[in-house]
Amino acid sequence: MKSISHICCIGAGYVGGPTMSVIAQKCPHITVTVVDINEKRIAAWNDENFDNLPIYEPGLADVVKEARGRNLFFTTEVDAAIDKADMIFISVNTPTKTYGKGKGMAADLKYIELCARQIARVSTTDKIVVEKSTLPVRTAETLTSILHNTGNGVHFEILSNPEFLAEGTAVQDLLNPDRILIGGDNTPEGQEAKDALTSVYANWIDRDRILQTNVWSSELSKLTANAFLAQRVSSINSISELCEETGADVNEVARAIGTDSRVGSKFLKASVGFGGSCFQKDILNLVYIAKSYGLDKVADYWEQVIIMNDHQKKRFAEKMIASMYNTVAGKKIVLFGWAFKKDTNDTRESAAIYVTDYLLDEQAEIVVYDPKVKEEQIYADLDYLNTRSEEENRRLVTVVSSPEEATKDAHAVAVLTEWDEFTTYNWETIYNNMLKPAFLFDGRKILDSSAMKEIGFKHFAIGE
Ligand code: NAD
Ligand code: UGA
């Protein structure tokens with residue numbers, strides 16, 4: 001079997017960075033080089049101060065500290081790293097297309113194709129190319145077509161090895177995954193490549209948790225996994241609205257159904273709506289693929305997950321506005337949390353962005369506090385919406401670093417991310433700081449409702 005001594009990973013983002021750091025930590029005999037065209041990102045990965053790594057993930061700094069400079073390297077020298085490697089992971093971004101055919105739905109594969117062309121151009125020795133990015137089913141066909149037509153005699157074997165880590169728990173997920181999925185051709189060369197990648201993971205993961213499939217099953221399983229997970233959140237969120245009308249409590253309902261082992265208890269937490277870079281993009285991609293095969297009923301079925309999620313974000317903002325006597329113009333509203341979930345500084349598709357947009361439409365004055373998200377990121381997220389000018393965003397939204405101080409003379413506080421620290425605040429002091437009646441909207445249902453009501457808040461929690 002082919003043994004792997006040099007790995008190159010193209011893309012030093014939320015997946016490439018942590019995944020390669022763990023591979024390097026667990027496989028000291030393999031040299032792992034992570035490359036990116038983003039110089040600032042690579043510089044941050046190489047920063048002497050481990051607090052400045054470009055990604056915040058619990059436990060990640062320790063892993064990088066152990067391996068960086070030993071067998072883990074971050075560089076912008078893409079060509080050299082590609083040529084030296086016997087295995088290349090492609091871990092670049094695959095956003096939703098913003099132009100042309102499939103705009104707003106299909107995955108934009110231009111970064112993937114660029115990688116394939118670059119690998120084809122610079123390789124002088126045989127390589128295993130691994131799709132780590134989440135890709136539409138049958139993308140490997142495109143890679144094969146580019147890589148098998150170089151005419152330079154170099155042989156490429158293509159594998160699909162989707163990543164299932166969740167942000168905020170990435171290191172734990174990588175160290176102890178439910179499964180590793182490896183898809184490849186059922187030819188002798190394909191089998192050899194699958195076994196070579198299996199042996200990399202087998203350095204710390206039991207072999208019975210490493211699944212081998214054909215390429216198409218592997219590619220489609222990743223989209224399906226995200227669709228099923230997002231569907232659970234939309235399902236419980238749909239029930240949260242019904243709870244609010246009927247006097248049922250969504251946490252109690254979630255517990256009652258989750259104790260059925262066929263349903264399971266995870267991923268049933270009602271929220272202001274799911275965010276993150278992938279759920280929406282991957283479902284839209286699934287919907288687009290189904291439509292492209294003429295499977296309209298399949299497409300409609302999955303599209304409902306997104307429709308429900310958009311509804312949840314909007315109805316939360318509308319609930320805030322309606323509760324505050326249908327007018328929030330000039331009112332100071334403090335948002336606790338901007339990240340799309342706790343324990344990450346990632347804000348992509350965060351519900352907070354959309355809730356803020358609705359509130360700004362009503363001319364509210366917004367103050368944001370998030371323990372890990374930087375001010376420039378919050379403004380960048382709002383500017384990206386293109387709803388109003390950059391000047392307006394900066395005039396109407398203030399970002400603060402002291403949460404309790406921010407609530408002085410506020411009309412309302414809304415909890416939009418489930419950061420643990422929010423439950424430790426002195427909510428009595430916060431209440432005393434605020435204008436009365438003091439409104440509290442808990443979009444994550446993390447605060448004790450009866451305690452909040454006892455303090456005096458006009459309190460609303462999702463699904464209650
Ligand atoms: P990201 O945007 O954080 O990182 C991608 C990186 O690739 C960027 O730094 C970009 O500069 C770099 N890049 C793009 N084109 C390049 C090129 N030609 N050469 C060198 N570098 C290039 O993205 P991410 O969150 O790491 O996601 C990457 C892929 O993994 C996506 O397909 C995503 O769907 C999938 N995924 C993401 C997660 C997650 O939690 N974020 C989890 C599982 C799977
Ligand atoms: C998700 C999947 O969990 C990963 O397996 C997958 O690899 C990844 O997408 C990906 O492909 O990018 P991630 O988006 O990082 O991971 O985080 P999740 O924990 O799945 O949360 C996604 C969103 O759903 C967050 O906004 C979270 O707050 C929300 N959520 C999650 C709920 O509202 N309720 C829940 O019960 C669970």
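Structure notes:
- Qualifying position, being more than 16 Å from ligand 2 (Cβ to nearest atom), in the same structural domain as R70 (by TED's automatic domain parsing) and out of contact with any Leu (no Cβ under 7 Å at 6 or more places or on another chain), among I10, I55: I10
- Selection count where residues are surrounded by 23 or more Cβ atoms within 10 Å (Cβ to Cβ) and touching a helix residue (DSSP H, G or I) at 6+ places or on another chain (Cβ under 7 Å), scope segment 369-381: 1
- Qualifying position, being of a type in the set (G, A, S) and outside the structural domain of E349 (by TED's automatic domain parsing), among A193, A256: A193
- Of the residues making up segment 39-55, those that are touching a Pro at 6+ places or on another chain (Cβ under 9 Å) and either assigned to a loop (DSSP other than H, G, I, E, B) or of a type in the set (D, E) (or both) number 2.
- Pick from segment 128-177, criterion of a type in the set (S, T, Y) and either touching a helix residue (DSSP H, G or I) at 6+ places or on another chain (Cβ under 8 Å) or part of a strand (DSSP E or B) (or both), ranking: nearest to ligand 2 (Cβ to nearest atom): T134
- Failed item, numbered, when V367 is tested on (1) touching a Lys or Arg at 6+ places or on another chain (Cβ under 8 Å); (2) at pLDDT 95 or above; (3) within 16 Å of ligand 2 (Cβ to nearest atom): (3)
- For segment 120-142, filtering for residues that are in contact (Cβ under 8 Å) with a residue 40 or more places away in the chain and either within 27 Å of the chain's Cα centre (by Cα) or not assigned by TED's automatic domain parsing to the domain that holds A166 (or both) leaves 13.
- For first residues located in segment 17-38 and without any contact (Cβ under 8 Å) to a residue 24 or more places away in the chain, partners that are part of a helix (DSSP H, G or I) and among the small types (G, A, S) and lie 6+ apart or on another chain with Cβ distances below 7 Å do not occur.
- Positions within segment 209-230 being buried (at least 18 other Cβ atoms within 10 Å of the Cβ), away from ligand 2 (no atom under 11 Å from the Cβ), part of a helix (DSSP H, G or I) and not hydrophobic (A, V, I, L, M, F, W, C), in sequence order: S218, E219, S221
The values are calculated or read from the model by the stated rules, or taken from the named source; none is laboratory data. Not measured: the values here are computed from a predicted model. FYI the Cβ positions are ideal-geometry reconstructions off the backbone, even for glycines, and counts take in every protein chain you see.
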